[in-house]
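Read the figures in this text as sums done on the coordinates, not as results from a lab. Because the structure is predicted, anything quoted here is derived from the model rather than measured. In this analysis, Cβ positions are derived from the backbone assuming ideal geometry, glycine residues included, and neighbour counts consider all displayed protein chains.
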Amino acid sequence: MTKLLSPPLSNIPWQDRPAGSSAPLWRYSKNPIIQRDGAKGANSIFNSAVVPFEGGFAGVFRCDDTCRSMNIRAGFSRDGINWEIDPEPIRFSGDPEVTHYEYRYDPRVCPIGDTFYVTWCNGYHGPTIGIGYTKDFKEFTELENAFLPYNRNGVLFPRKIGTNYAMLSRPSDNSHTAFGDIFYSESPDLTYWGKHRHVMAPIPGNASAWQSLKVGAGCVPIETDEGWLILYHGVLRSCSGYVYSFGSALLDLEKPWIVRYRSAPYLLAPRELYELCGDVPNVVFPCAALSDGGTGRIAVYYGCADTVTSLAFSTVEDLICFTKENSL
Ligand code: BMA
């Protein structure tokens with residue numbers, strides 16, 4: 001029996017697997033949970049990250065406004081489903097050379113000790129990985145960008161690996177990046193990053209075509225007694241553009257650049273109308289997962305069609321079995 005190495009989260013949002021379904025991950029019946037206009041002045045709210053906070057939940061949301069400026073906002077919820085999102089973007093304190101805003105998108109939030117670290121795709125002469133932190137989701141401080149441009153999908157591990165912080169990221173280009181592998185990096189202080197290791201490449205050809213063009217880390221890795229469970233997105237190039245799906249992999253606990261298992265089929269691909277239609281069609285993009293160490297339940301938050309935010313459910317047992325039994 002696989003175990004989550006995370007604390008109990010008894011109020012995790014939850015819905016049982018629909019009768020008759022054998023899917024490893026199932027959608028919340030009232031998706032999307034956040035509509036595109038779910039915050040003041042928003043064009044779209046998607047690719048967002050949430051964590052347990054003070055008995056409820058807090059999060060950082062990708063909220064593009066009606067100027068189509070890409071930015072991130074804080075939000076709060078009692079139940080993880082109904083959210084109050086701030087009317088204004090997060091304002092970071094820190095060195096003005098770093099806090100200078102070009103664009104911010106696709107946040108992830110990673111609790112380490114009593115601090116919530118936020119990583120996002122940060123405009124700094126091209127996309128790179130911004131890092132900031134908060135203790136209360138009201139005051140945020142920005143640190144140095146982790147890497148040189150161009151990079152996206154920076155996702156921290158929720159504990160140090162050995163003596164260092166660790167992060168997955170995806171070196172990219174300044175445009176819509178028609179390639180992309182996931183790499184692993186370490187840092188003693190969240191400022192200086194090194195020990196870069198290759199984790200995984202796209203799968204060329206037909207064997208697992210949903211991830212044939214590029215891959216990128218999604219949710220903060222989930223620690224289990226069998227390894228780090230990661231949910232990551234993969235992209236297929238179709239004749240009408242990119243299609244974003246997501247799958248799972250199991251990384252070695254102490255050497256997380258080693259992939260132990262990796263799913264050939266996707267876990268979730270665009271099928272529902274809110275995933276197929278929107279500002280960018282055919283996109284499901286996971287950025288957060290809540291897990292309950294008590295029951296093994298997992299709730300995944302994912303952006304849909306670059307427009308709205310949805311929820312899907314599974315258990316650690318289901319996800320690990322799926323990953324192992326369908327491994328490439
Ligand atoms: C990626 C990012 C995501 C987006 C996806 C699909 O490059 O920009 O924010 O969801 O493209 O448009």
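Some points to look at:
- Label-to-label distance, nm, for residues given as ASP225 and SER175 (7 Å Cα→Cβ offset): 5.0 nm
- One Cα centroid belongs to the range 91-123, the other to the range 1-50; the line between them spans 23 Å.
- Loop-located GluC sites (Glu not before Pro) in the range 136-167 (DSSP state not H, G, I, E or B) with no more than 14 neighbouring Cβ atoms inside 10 Å: GLU139.
- The distance linking the range 211-260 with the range 185-200 is 18 Å (Cα centroid to Cα centroid, whole angstrom).
- Mean sequence separation of contacting Cα pairs (under 8 Å, at least six apart), scaled by the length of the chain, corresponds to a relative contact order of 19 percent.
- Counting only residues at least eight positions apart within a chain, or on another chain, the lysines with an alpha carbon under 26 Å from that of LYS255 are LYS3, LYS160, LYS195, LYS214, LYS324.
- Given +1 at the Cβ of Lys and Arg, -1 at the Cβ of Asp and Glu and no other charges, the dipole of the range 188-328 around its Cα centre is 520 debye to the nearest 20.
- Given charges at beta-carbon only (K, R positive; D, E negative), |dipole| of the chain in Debye: 640 debye
- q = 0.18, 0.25 Å⁻¹: log10 I(q)/I(0) that the Debye formula gives for the range 266-328, counting C-alpha atoms only: -0.70, -0.99
- Rg and Dmax of the chain, both derived from C-alpha coordinates alone, stand at 17.9, 55 Å.
- Shown in residue order for the range 72-77 are the 3J(HN,Hα) couplings computed by the Karplus curve 6.51 cos²θ - 1.76 cosθ + 1.60 at θ = phi - 60°: 10, 10, 7, x, 9, 8 Hz (x for Gly and Pro).
- Taking 25 Å as the straight-line reach from the Cα of LYS30, the lysines in range (excluding those fewer than 8 positions away in the same chain) are LYS40.
- If only the Cβ of Lys and Arg carry +1 and only the Cβ of Asp and Glu carry -1, the dipole of the range 25-65 around its Cα centre is close to 180 debye.
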